[in-house]
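J.: Once you've had a glance at the structure underneath, I'll fire off some questions.
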């Protein structure tokens with residue numbers, strides 16, 4: 001089978017799934033007649049989405065809203081990886097450090113972004129830095145714990161085998177531990193990306209004029225459920241793209257991962 | 001395995017249809033109700049604290065606070081809320097424009113929110129160009145600010161309007177991140193204690209800028225039709241609370257202070273700026289008007305707000321028949 005036919009088949013399957021959801025959605029509207037503001041029809045949501053694509057939402061175009069969100073998410077996420085992976089690695093290697101840090105991480109990890117938001121706004125004000133901080137806090141603990149677990153799970157037999165053949169300690173890290181842990185680290189990074197999007201929407205609740213979260217939150221304040229749905233669909237599409245990108249990265253960086 | 005997964009799919013679909021939102025409460029007479037109230041210095045809070053509503057209605061009341069009138073209206077639509085009080089003009093206008101069958105049956109107050117700004121930055125609304133002012137987008141506060149700006153020849157783009165919830169606005173002012181905010185009491189009093197100066201009171205809003213706002217108690221048409229006696233009793237208690245506040249302001253303030261854990265002076269100040277039209281006054285065309293009347297003050301305020309929302313591209317259409325969303329018949333019965 002050629003690449004083109006595989007691609008066509010996949011696109012066809014996706015289309016069928018989307019159509020199935022739309023049919024169920026429309027059937028729900030026709031059969032149970034919910035009020036439009038409780039549950040708008042696919043057509044109403046389509047119109048709202050087209051309206052936002054054409055005229056933007058309030059003062060900004062859809063592109064500007066997306067750009068605003070992405071420019072908050074990307075630095076926060078990169079920072080979470082840059083901090084989370086080394087911290088997780090060191091925790092796995094140094095039991096003393098692990099015992100010291102773990103209680104704080106397990107204590108703070110369940111806190112929802114909304115709880116952080118209140119504190120972070122008091123600490124950093126309501127500018128861009130507080131929004132980036134909210135996303136960072138949500139993502140970094142997942143990356144730390146994912147890396148910690150990944151490194152701890154590298155089988156001792158790999159390390160012993162490397163030592164037996166006389167591999168120096170520095171090479172064991174770069175040639176054994178890191179390659180063995182990478183697939184799981186990337187998997188946790190992918191989870192962290194999804195969580196980052198959720199945290200971003202929460203962060204855009206406070207003092208944001210643009211962003212996908214602004215479309216979702218402010219449309220709800222005017223009971224524009226059609227626009228709220230459209231905002232959620234934009235978010236799902238962009239979130240889907242970034243998740244797909246991470247999945248491709250995973251297969252490129254660590255093709256040896258078990259699938 | 002295949003059969004199992006098919007069954008699972010069918011079960012999931014059925015389940016999703018059952019739990020999906022959108023069903024309004026049934027038209028039966030209520031045996032227990034859920035009510036949204038505002039934790040603000042007002043007679044209604046006094047009556048709630050005294051247990052007068054439960055006493056008069058004879059059924060249990062589940063009191064809830066829901067942030068934002070739009071969320072309260074959405075909760076009513078889903079059937080989990082029966083009476084929403086403290087709902088401002090903007091969410092009512094937005095809901096009516098989208099065909100939500102709301103009935104306004106009691107006016108609770110004149111939306112007593114004030115704009116206070118650091119006097120070194122601005123001493124009037126006309127001075128606000130280039131400043132940073134917090135107003136929760138979509139609220140009565142936001143529209144009060146936007147309309148005052150327009151009357152002073154400014155637009156919302158001449159200054160930075162920061163969309164902050166009440167608590168965050170207070171924190172932001174303390175940090176010096178904003179120059180001022182439009183907020184209800186007692187939050188605005190905190191800003192004024194920190195040196196901010198009031199540049200627009202609710203009275204200025206009405207007298208200087210000709211824009212009336214209000215907070216109301218609303219229900220869905222279906223609930224009003226099924227529970228006329230309940231709503232009549234509700235209005236009786238509201239009227240009693242207003243009388244009580246007029247006759248025993250100190251006691252009312254002390255009850256509010258306890259409920260909101262604020263000091264009595266702040267409670268008294270909040271009460272003094274909050275205007276409650278009496279039941280009789282609400283039948284005047286300035287407010288709700290007599291049952292069945294048209295073009296009342298409240299209807300006009302909704303229309304002005306809806307026009308603004310429409311011009312700002314926030315709502316898809318203007319409300320068709322605002323007059324029919326006003327039902328002063330319960331008040332009329334109580335006044336008789």
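Where a number appears in this text, it was derived from the coordinates with a stated rule and is not lab data. Keep in mind it's a predicted model, so treat the numbers as computed, not measured. Backbone-built Cβ (ideal geometry, glycine too); neighbour counts: all protein chains shown.
J.: To the nearest Å, what is the center-to-center distance of the range B:253-293 and the range A:195-259, using C-alpha atoms only?
T.: 43 Å
J.: Mind checking the angle between helix B:2-19 and chain B's longest principal axis? C-alpha axes, 0 to 90 degrees, to the nearest 10.
T.: 50 degrees
J.: Next up: Out of B:298, B:35, B:137, any idea which swings most in a Gaussian network model of chain B, alpha carbons joined below 10 Å?
T.: B:137
J.: Convex hull volume of the Cα atoms in chain A, per residue, in Å³? Could you put the intermediate results ahead of the total?
T.: On the way: hull volume 45.0 nm³, N = 259.
Spread over its residues, the Cα hull of chain A gives 174 Å³ apiece.
J.: Which one, B:62, B:242, B:110, has the greatest fluctuation when you compute a Gaussian network model over chain B with C-alpha springs under 10 angstrom?
T.: It is B:62.
J.: From zero up to wherever the largest Cα-Cα distance of the range A:57-138 sits, split into 10 Å bins and tell me the percent of pairs in each.
T.: 16, 36, 33, 11, 4, 0
J.: First measure r as the distance between the Cβ atoms of residue B:29 and residue A:26, then evaluate 1/(1 + (r/R0)^6) with R0 = 45 Å and state the FRET efficiency to the nearest 0.05. List each step's numbers first, then the result.
T.: On the way: r = 35 Å, r/R0 = 0.78.
It comes out at approximately 0.80.
J.: Would you look at the GNM of chain A, springs on alpha carbons closer than 10 Å, and say which of A:11, A:82, A:44 moves the most?
T.: Top of the fluctuation ranking is A:11.
J.: In peptide B:163-169, what is the residue-averaged number of other protein chain Cβ atoms found within 10 Å of each Cβ? Before the final figure, lay out each step's value.
T.: Details: counts 11, 5, 6, 0, 3, 9, 3.
The per-residue average across the peptide is 5.
J.: Once both axes come from the Cα atoms, what is the angle between helix B:249-260 and the longest principal axis of chain B, in degrees from 0 to 90, rounded to 10?
T.: Helix B:249-260 sits roughly 70 degrees off the main axis of chain B.
J.: Tell me, what is the FRET efficiency for residue B:157 and residue B:80 to the nearest 0.05, using R0 = 35 angstrom and their Cβ-Cβ distance as r?
T.: Working: r = 39 Å, r/R0 = 1.10.
After rounding to 0.05, the efficiency reads 0.35.
J.: What is the distance in Å between the Cα centroid of the range B:134-169 and that of the range A:9-73?
T.: Cα centres, the range B:134-169 to the range A:9-73: 30 Å.
J.: Let me ask another. If N is the number of residues in the range A:1-117, what value comes out of its Cα radius of gyration divided by 2.2 N^0.38 Å?
T.: Numbers: Rg = 23.1 Å, N = 117, 2.2 N^0.38 = 13.4 Å.
The value comes to 1.72.
J.: Estimate the FRET efficiency between residue B:272 and residue A:253 by the formula 1/(1 + (r/R0)^6), using the beta-carbon distance for r and 60 Å for R0, to the nearest 0.05.
T.: The computed FRET efficiency comes out at 0.35.
J.: Here is a further query. Report, as an integer, the average count of C-beta atoms from other chains found within 10 Å of each Cβ along B:322-331. Before the final figure, lay out each step's value.
T.: Values: counts 0, 0, 0, 0, 0, 0, 0, 0, 0, 0.
For this peptide, the per-residue mean of nearby foreign Cβ atoms is 0.
J.: For the range B:145-193, what's the relative contact order in percent, using C-alpha pairs closer than 8 Å and at least 6 residues apart?
T.: Working: 22 pairs, mean separation 13.7, N = 49.
Here the relative contact order equals 28 percent.
J.: Please report, in whole Å³, the volume per residue of the convex hull around the C-alpha atoms of the protein assembly as shown. Provide the component values of the computation, followed by the final result.
T.: Numbers: hull volume 118.9 nm³, N = 595.
Normalising the Cα hull of the protein assembly as shown by residue number yields 200 Å³.
J.: A follow-up question, please. Kindly express, to the nearest 10 degrees and within the range 0 to 90, the angle between helix B:166-175's C-alpha long axis and the longest C-alpha principal axis of chain B.
T.: Helix B:166-175 sits at roughly 30 degrees to that axis.
J.: In addition: Taking each residue of A:217-229 in turn, how many C-beta atoms of other protein chains fall within 10 Å of its C-beta, and what is the average? Walk me through the numbers on the way to the answer.
T.: Details: counts 3, 4, 3, 5, 14, 15, 16, 7, 5, 2, 2, 1, 0.
Partner-chain Cβ atoms within 10 Å, mean over residues of A:217-229: 6.
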